[in-house]
Every structure is written in C-alpha cells, then in structure tokens.
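Report on the following structure.
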C-alpha cells in the first residue's frame, strides 16, 4: 500500500487521475445529497400546505389530497432525475 502511494507521488499523471476521480466522487455525493434534501423539504412543504388546506376546507379534502399526491410525485421525479444526473457525472468524468 505504501508503494502505491509512493508511485502516485512520483507519477504526476497517476496523481492527476486520482484527483479527478476524487473530485467526481465528491461532486456526485454533494449533488445527490442536495437533491435528496431538496426533495424532502419540498414534499414536507406540500404536506404542510395540504394539511392546512384540508383543515380550513374539509369539504375539498379529496381534491386537495389528490393534488398533493400529484405534486409530491413530481417533486420526487425531479429529485430522482437530479440523482441520476449526479451518477452520470460520476461515471462519465
């Protein structure tokens, strides 16, 4: 293991390759994490609004619930798309 670390120090091309893969890993991890956090916050806000709307107008509960489920699906789809893009950047970098 120490020999491979010593070879990386001596070979600038190998060192650049390791740095590139490390940056790709870091970028993909940050991108996927931000997408997951954003989706969680967005779905939470949708649930909050739906709960308040149903509390204010119980007669419209079915319509509000249906729209909330649709919006949550759209937010989750956007988050999944962002995570897939982060993985593509990781593997294509």
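Observations, loosely collected:
- Spacing of the two label points (7 Å from each Cα toward its C-beta) at residue 34 and residue 21, in nm: 2.5 nm
- Residue separation of residue 81 and residue 48 scaled by 0.36 nm, minus their Cα-Cα distance, works out to 9.5 nm of gained length.
- Relative to the current alpha-carbon distance between residue 55 and residue 89, full extension at 0.36 nm per residue lengthens the span by 7.9 nm.
Values quoted throughout were computed directly from the atomic coordinates according to the rules given, and no laboratory measurement underlies them. Keep in mind the model is a prediction, meaning the values are calculated, not measured. Neighbour counts run over all protein chains shown; Cβ positions are idealised from the backbone, glycine included.
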